Amino acid sequence: MTLPDPSPLRLPEALDYAAAPQLAERLRERRGAALSLDAGELRTIGASCAQILLAAARTWRADGRSLALLYLGEEP
């Protein structure tokens, strides 16, 4: 078993329906450890990806792990 990457998970500019399977897989790979999501490039999010992120927040909470949504992009 490999250890989860401690660096923030960078979210793409668009989290639409097509991005949902990859987002879910990337989150599954990091389950069991604290997780930071870098939303610095995120501009649009669809319902399916929003549901995946909400489910992840509940999962991390149930696991007793922290999940943070960060904006690490440049200031306008």
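The values are calculated or read from the model by the stated rules, or taken from the named source; none is laboratory data. What you see is a predicted model, and the numbers here were worked out from it, not measured in a lab. Neighbour counts are summed over all protein chains in view; Cβ atoms, including those assigned to glycine, are modelled from backbone coordinates with ideal geometry. Accessible surface is based on the protein model in full, side chains and every heavy atom, while ligands, DNA and RNA are left aside. Shrake-Rupley method; radii C 1.70, N 1.55, O 1.52, S 1.80 Å.
Using only Cα atoms and rounding to the nearest 10 degrees, what angle (0 to 90) does helix 47-62 make with the longest principal axis of the chain?
It works out to around 30 degrees.
Candidates (1) 13.8, 48; (2) 12.2, 41; (3) 17.2, 56; which is the computed Rg and Dmax of the Cα atoms in Å?
From the options (1) 13.8, 48; (2) 12.2, 41; (3) 17.2, 56, the structure gives (2).
Just to confirm, what accessible area per residue do you get for the chain at 1.4 Å probe, in whole Å²? Write down the numbers at each step before the final one.
Numbers: 5480 Å² over 76 residues.
I get 72 Å² per residue for this part.
Arrange the peptides 37-43, 57-63 so that the one whose residues have, on average, the most other Cβ atoms within 10 Å appears first.
The peptides rank, most packed first, as 37-43, 57-63.
Run the dipole for region 1-70 about the Cα centre, Lys and Arg Cβ at +1, Asp and Glu Cβ at -1, nothing else charged, and hand back the magnitude in debye, nearest 20. Each step should come with its number before you reach the end.
Numbers: 9 positive and 8 negative charges, 56 e Å.
The calculation lands at about 260 debye.
Hey, for a label at residue 7 modelled as a point 7 Å past Cα toward Cβ, could you say which residues of region 36-76 have their backbone N under 20 Å away?
36-42, 67-75
What's the angle, to the nearest 10 degrees (0 to 90), between helix 20-29's Cα axis and the longest principal axis of the chain?
Its long axis makes an angle of about 30 degrees.
Which of 9, 34, 64 sits closest to the plus end of the dipole of region 1-64, meaning its Cα is farthest towards the positive end, when Lys and Arg get +1 and Asp and Glu get -1 on the C-beta?
So the residue we want is 64.
For residue 38, list long-range residues whose amide hydrogen, built 1.01 Å from N in the peptide plane, is under 5 Å from its own amide hydrogen.
9, 10, 11, 70
What does the charge dipole of region 24-63 about its Cα centre add up to, to the nearest 20 debye, if the Cβ of each Lys and Arg holds +1 and the Cβ of each Asp and Glu holds -1? Don't skip to the end; give the middle numbers.
Working: 7 positive and 5 negative charges, 27 e Å.
Dipole size: approximately 140 debye.
Keeping the other protein chains in place, figure out the carbon and sulfur percent of the accessible area of region 4-65, with a 1.4 Å probe.
Within region 4-65, the accessible surface is 51 percent carbon and sulfur.
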